[in-house]
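In what follows, a structure is listed as structure tokens, so that the remarks can point back to it.
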Amino acid sequence: MEGSVLEDASPNPSVLLALNLAGGSSRDVQKLLLQQLKEEAVKRAPKGMASGEVALLVLALLSSCQDPQQVQALGMSVDLLGILQQATDGELASMEVEGVPRTTLYSIGLDALSLCLTGVGGYQEASVELARELLSPSSPLSVDTRAMAVLALVCTHGRTELQDERDLLREAVSVVTNAFLDEQEQSGGLIGNIYSMGLAMQALQSAGMFYAPRQWDCSQALSVVSKHHFQLPTAIAQLLPALLGRTYLDAGSLDCSSSTGASRSIPAASMGTTAPALHPRRRSMPASLAAQPITVQFSIINRLQGKPFSFSITVSVPDGSTLLEVMEVAAKENPEVYSFQTEQMSWGIMVVSIHGLAGSAEDRTYWCFLSGSDALQEGVGLYKPHNGEHIQAVFSTY
Ligand code: B12
């Protein structure tokens, strides 16, 4: 994670949050990242950021012992909490009118958690809405979304005295965490997929009293994640707090007495087991030097918007190539059909448009990647297709 903090890289609030929660990392790295995030906040937040983005910034600042109501950088100042409250109101209004949030329920979870930790208003309504969705979702909710909602609901439960509200929150958290425990038991440790484990573990860690007297076998979950080679800083950032027995709920209660900001001294809650070391970065051989060629079939399909289309191509790439490399070969062989555009995001490279058709937050559309009928669990920059695999990019809604 520290290696991802660079002068010219776009700053990642999840990384600062995790470094602060973990403690013991380089002060210079944290200082640089904090400064970059403050600059991002004063530049972008007043012009309109997605609510979840503002919420993540708030969590990162809180964990750095900064006041999110007065973020100062580049001679400017911004009240991130005011902006977050407005953005959250917008999400809830959209839920009421359209039946879906302006962005995602995951973001509403982040919003409610951040507002709750700072103790300003607006989180109760959001938490109640989330609880209702958790109890009767209009469509199945991902583990990540449910886990983030649990963190928010646990925080809100601790702050509200209204009995009806407490009962609703308790029931929702209990249903979700029991479902996580069932899933872990049935699948040998996994809850969702390997990339949802960090948030699922944080949720289970924070919500023990909601599934008591049932116990969580956290060593089973730990053994699953410790076998995986995590490469992405954002994936590590969601997991690391859980490995140290902490959660995003701790972001608001770090010891701010030291002059550098967040304390390194909060004791990690004991998980009854030693946190496993993450594997050192493996050196991968350049695919072009090492590998035999493989063939991959790649299809692009749109039945959703404008003129429908469906195209297929089989390309040859060196074994070990990423899906991005497969798409680049396809685009080189037939640019008219397979040209695409990407954006660098916190989770790596996201494909934002193929064949001139772009996903849109307004229409809630995106390019979804499938192998056979299974959605890929990694982005195109990470996923490595195998010989003979058929990858489909299908224009979809979320
Ligand atoms: C909401 C969400 C989406 C939404 C985002 C819509 C929106 N406008 O908000 C949609 C449905 C578009 C989406 C798509 C995909 N997603 Co997604 N997504 C999430 C989720 C639940 C929350 C992300 C978020 O809002 N964060 C909060 C905001 C404030 O932070 P942010 O950094 O600005 O978030 C942006 C990026 O994360 C980006 N994004 C979302 N998913 C992905 C995936 C990849 C690979 C990339 C590069 C970017 C990206 O969209 C967010 C909003 O702009 C996370 C879960 C998690 N644990 O983080 C999974 C998650 C990030 N997604 C994941 C995956 C696999 C995908 C897909 C590849 C699925 C697929 N089979 O097609 C596609 C991307 C395909 C492509 N075109 O390149 C994985 C990534 C794992 C990994 N190792 O890379 C996660 C961790 C879920 C999981 N546990 O499997 N996703």
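The numbers here are math on the coordinates, done by the rules we state, and not lab data. Everything quoted here is computed from the prediction, not taken from an experiment. Quick reminder, even Gly has a Cβ in these numbers, built from the backbone with ideal geometry, and neighbours come from all protein chains shown.
Worth pointing out:
- Size of electric dipole in the chain: Cβ of Lys, Arg +1 and of Asp, Glu -1, about Cα centre, debye, nearest 20: 820 debye
- Kirkwood Rh, angstrom, the range 1-140 [1 / mean 1/r, Cα pairs]: 15.6 Å
- At R0 = 51 Å, FRET efficiency that the Cβ-Cβ distance of Val97 and Gln292 yields, to 0.05: 0.40
- Annotation for the range 322-390 versus the range 68-118: alpha-carbon center distance of 30 Å.
- The range 128-155 and the range 182-213 have their alpha-carbon centroids 14 Å apart.
- Its Kirkwood hydrodynamic radius, worked out from the mean inverse distance over all distinct Cα pairs, puts the chain at 22.4 Å.
- Here's how it looks for Glu389: its modeled amide H is under 5 Å from those of Gln297, which are all 5 or more places away or on a different chain.
- Taken along the Cα-to-beta-carbon direction at a fixed 7 Å, the label points for Ser360 and Leu304 span 1.2 nm.
- Between Ala375 and Cys256, the contour length at 0.36 nm per residue exceeds the Cα-Cα span by 38.5 nm.
- Qualifying GluC sites (Glu not before Pro) in the range 21-56, where qualification requires a DSSP coil assignment and no more than 16 other C-beta atoms within 10 Å, are lacking entirely.
- Backbone phi angles across the range 146-159, fed through the Karplus curve with coefficients 6.51, -1.76 and 1.60 (θ = phi - 60°), yield HN-Hα couplings of 5, 5, 4, 5, 4, 4, 5, 5, 5, 4, 5, 4, x, 10 Hz in residue order; Gly and Pro are listed as x.
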